[in-house]
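Student: Dumping the structure here so I can ask a few things about it.
The values are calculated or read from the model by the stated rules, or taken from the named source; none is laboratory data. Just so it is clear, the model here is predicted, and its values are computed rather than measured. Heads up, the Cβs are rebuilt from the backbone with ideal geometry, glycines too, and the neighbour counts pull from every protein chain shown.
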């Protein structure tokens, strides 16, 4: 069963861009995320208490889990949502964030002592080329949106640092209590950002409610739990390489749901991205 976790994670994680596209027209980005975090904290607290899940016994573990949550959730999701809300095409955002496996590979040797061999470097490069091909037709006038690249780059740094930090300092923790510990500081920091930069505007339409429910239940509870399991059991480079598959999967989902154009170049890019991940994750 566990061998299917990476495939399920890629599919669920990819739907996050679809959920953002559905919900962001009706809410400010950070307000949307703060509401999402509130529901996640409430649900996971009830689950943790009802199942008597163990809480970390060492105070420093609370700090490590909280820091990893800030990086993976507050910084990454905040950057992605702000970038998309302010006009950066989702494909360009995906390309920027898609550089994560390369950055993770550089950091894994330095922080985790993980060796990245020639085959894996080739796979990382091949995967990046594939991602670039998938989103190449989605740039549009992105060059005129230079300032909007900033939150996307911040998101990239957040998810990369968060993956490395969690693998280094808190790879193993109970997913029920750990989710609460990760999302509480995330919600606090996001609430401060909302107070400083937004007016907490949300229009409670059916479409927004669906997007919120999907992101809470499927992304924050499902995909994030799978990500934590993958970080626990695999190398940081192998886990990060899965993010190469997110833009191709997102493009495929958008093709099915929204009828967005799927070109031959994008199709070839998908095959290259899959091949790159295979080279990285294939057992030696």
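Student: Please work out if residue 281 is at pLDDT below 70 and more than 18 Å from residue 20 (Cβ to Cβ). Explain how you work it out, then say what you get.
Tutor: On the way: at pLDDT below 70: yes; more than 18 Å from residue 20 (Cβ to Cβ): yes.
Here the answer is yes, as residue 281 does meet what is asked.
Student: Considering only the stretch 156-211, state which residues are in contact with a helix residue (DSSP H, G or I) (Cβ under 7 Å, 6 or more places away or on another chain) and free of Cβ contacts under 8 Å to residues at least 60 places away in the same chain.
Tutor: 168, 175
Student: So which of 17, 32 ends up being in a helix (DSSP H, G or I) and either touching a strand residue (DSSP E or B) at 6+ places or on another chain (Cβ under 8 Å) or at pLDDT 95 or above (or both)?
Tutor: Details: 17 fails: either touching a strand residue (DSSP E or B) at 6+ places or on another chain (Cβ under 8 Å) or at pLDDT 95 or above (or both).
After applying the criteria, what remains is 32.
Student: Keeping to the stretch 44-60, report how many residues are assigned to a helix (DSSP H, G or I) and surrounded by fewer than 18 Cβ atoms within 10 Å (Cβ to Cβ). Don't jump to the end; show me each part of the working.
Tutor: Pass one, the stretch 44-60, residues assigned to a helix (DSSP H, G or I): 44-50, 59-60.
Applying the additional criterion that residues be surrounded by fewer than 18 Cβ atoms within 10 Å (Cβ to Cβ) yields 45-47, 49-50, 59-60.
Total meeting the criteria: 7.
Student: Moving to a separate point now. Just the residues that are over 12 Å from the mean Cα position of the chain (by Cα) and modelled with pLDDT under 70, please, taken from the stretch 239-260.
Tutor: 258, 260
Student: Here is a further query. Is it true that residue 130 is over 16 Å from the mean Cα position of the chain (by Cα), buried (at least 18 other Cβ atoms within 10 Å of the Cβ), in a helix (DSSP H, G or I) and at pLDDT below 70?
Tutor: Values: over 16 Å from the mean Cα position of the chain (by Cα): yes; buried (at least 18 other Cβ atoms within 10 Å of the Cβ): yes; in a helix (DSSP H, G or I): yes; at pLDDT below 70: no.
No; evaluated as a whole, the condition is false for this residue.
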